[in-house]
């Protein structure tokens with residue numbers, strides 16, 4: 001997370017608004033990072049949906065992110081165009 005933003009708040013908001021479950025940072029990185037978990041089962045649409053949700057919540061928290069930037073990069077990669 002960028003300085004001044006709390007990843008625990010991102011995690012809380014992601015679940016509250018989108019029912020998107022993200023993992024917390026542990027130890028020295030608590031509040032600074034979040035994790036995207038998949039429990040061993042993940043397809044392309046799961047990945048893209050998760051990335052879109054993360055972008056939306058980052059934007060809602062005021063993090064300067066361009067909606068679709070990460071999602072588009074992932075789509076290009078999955079299509080073999082990166």
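The values are calculated or read from the model by the stated rules, or taken from the named source; none is laboratory data. Predicted, not measured: the structure shown is a model, and the values here were computed from it. All Cβ positions, even for glycine, are placed from backbone atoms using ideal geometry, and neighbour counts span all protein chains on display.
Structure values in brief
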item	result
Failed item in (1) surrounded by fewer than 16 Cβ atoms within 10 Å (Cβ to Cβ); (2) modelled with pLDDT of 95 or more; (3) part of a helix (DSSP H, G or I), with residue 66 passing the rest	(3)
Pair list, Cβ < 6 Å and 6+ apart or interchain, from region 1-21 residues that are touching a residue at least 40 places away in the same chain (Cβ under 8 Å) and on the phi < 0 side of the Ramachandran plot to residues that are surrounded by 18 or more Cβ atoms within 10 Å (Cβ to Cβ) and in a loop (DSSP other than H, G, I, E, B)	14/20; 14/22
Residues that are in contact with a helix residue (DSSP H, G or I) (Cβ under 7 Å, 6 or more places away or on another chain), part of a helix (DSSP H, G or I) and surrounded by fewer than 14 Cβ atoms within 10 Å (Cβ to Cβ), drawn from region 1-25	17
Per-region count, region 26-63, residues in a loop (DSSP other than H, G, I, E, B) and either in contact (Cβ under 8 Å) with a residue 40 or more places away in the chain or closer than 25 Å to residue 16 by Cβ (or both)	14
